[in-house]
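The values are calculated or read from the model by the stated rules, or taken from the named source; none is laboratory data. Keep in mind the model is a prediction, meaning the values are calculated, not measured. Cβ sites come from the backbone with ideal geometry, for glycine too, and all protein chains shown count toward neighbours.
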Amino acid sequence: MSRPPTFVPPPCASARTLHTERGDFAVLDAVPAAGVRRRGTVLMLPGFTGSKEDFIALLEPLTAAGYRAVTVDGRGQYETAGPDDVSAYAQTELARDVLAQAAALSEARPHLLGHSLGGQIARAAVLLEPRTFATLTLMSSGPAAIVPEQQTRAKMLADALAALSMGEVWQAMRAMEPPPPQDARPGAGGEADDAADGEALRARWLRHSPAQLIATGRQLSTEPDRVAELAALPLPKHVISGERDDTWPVPLMDDMAHRLDAHRTVIHGAEHSPNTDRPAETAAALVGFWHRH
């Protein structure tokens, strides 16, 4: 999962509820300061097990460049409630949520960005209503299903969620995945920082809907290749990733960008979450793409 450097929004952002025709969604809404030229709006969708806070390190550089940045918890993610019925999280339902979110922003044709699972939901939304968005950015989000090893992990998670509580599953995941090296943790400053970071991640996990995790894990494991459909749309596209990725191999994303005739960015020093691994470089790449469109 992405590890945001903090769960506290920067001064440019406020936590609020976005009211839409399909329900209410928790968002962070970051706006440029007075006097900064407004260049557009971007709607940002987090990945599997993630939340709107995964983009928190991008908000200040994006608003400084003139972009309103709205990051959203989808239905069943963290601070947005969702039903217990797995069928409520069908990809088409999630995509229609995104279209409703875009409409509720009251902005002309926002840019759309999706990270990992969020990229595949963003793709589905664009395929439903391509004229809604100015551009599409797929961040660490591949053309079809995740690699077999990750499919196995998603299946293990679904089985665990069917039998255990969210707290018990969290403990099992922590036991299986030791913490990263000290110098790799955001804000690594000792045991107190580590404890606070771990508790924030745990609190987020506990508020996710198990049904949402089960349904979207299955989607990631069975997603068909829809690149040809997307390539047929005239919408400008951007494929951005780290230089390493354990969910979709980077050469696969290179090939997808070629098939889409998309702008391609590789963020050096980043892995599956360039938004948290290298936020300054990632923000600069995003701004450069949006400025051109």
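General remarks:
- The residue that is nearest to the chain's Cα centre (by Cα), counting only those in the range 78-94 that are β-branched (Val, Ile, Thr) and surrounded by 15 or more Cβ atoms within 10 Å (Cβ to Cβ), is THR80.
- For beta carbons closer than 8 Å, sequence separation of 6+ or different chains, a first residue in the range 146-169 that is closer than 15 Å to ILE214 by Cβ and free of Cβ contacts under 8 Å to residues at least 60 places away in the same chain and a second that is in a helix (DSSP H, G or I) and among the small types (Gly, Ala, Ser), the qualifying pairs are ALA160/ALA172; LEU164/ALA172; VAL169/ALA160.
- Taking the listed residues VAL250, VAL239, the one that is surrounded by 15 or more Cβ atoms within 10 Å (Cβ to Cβ) and either polar (S, T, N, Q) or under 21 Å from LEU112 (Cβ atoms) (or both) is VAL239, with no other qualifying.
- Scanning the range 30-55 for residues being surrounded by 24 or more Cβ atoms within 10 Å (Cβ to Cβ) and without any contact (Cβ under 8 Å) to a residue 60 or more places away in the chain gives a total of 2.
- Condition check for ALA108: out of contact with any helix residue (DSSP H, G or I) (no Cβ under 7 Å at 6 or more places or on another chain), farther than 30 Å from SER165 by Cα and at pLDDT below 95: yes
- In the set ALA26, ALA69, only one residue is part of a strand (DSSP E or B) and buried (at least 24 other Cβ atoms within 10 Å of the Cβ); that residue is ALA69.
- Residue check, GLY217 touching a Pro at 6+ places or on another chain (Cβ under 6 Å) and surrounded by 22 or more Cβ atoms within 10 Å (Cβ to Cβ): no
- Close contacts from the range 245-265, counting a first residue that is of a type in the set (Asp, Glu) and at pLDDT 95 or above and a second that is in a loop (DSSP other than H, G, I, E, B) and surrounded by fewer than 21 Cβ atoms within 10 Å (Cβ to Cβ), with Cβ to Cβ under 7 Å and a gap of 6+ residues or different chains, come to ASP245/GLU271.
- Checking each residue of the range 177-186 against the condition of being more than 18 Å from the chain's Cα centre (by Cα), at pLDDT 95 or above, surrounded by fewer than 14 Cβ atoms within 10 Å (Cβ to Cβ) and in a helix (DSSP H, G or I) gives no match.
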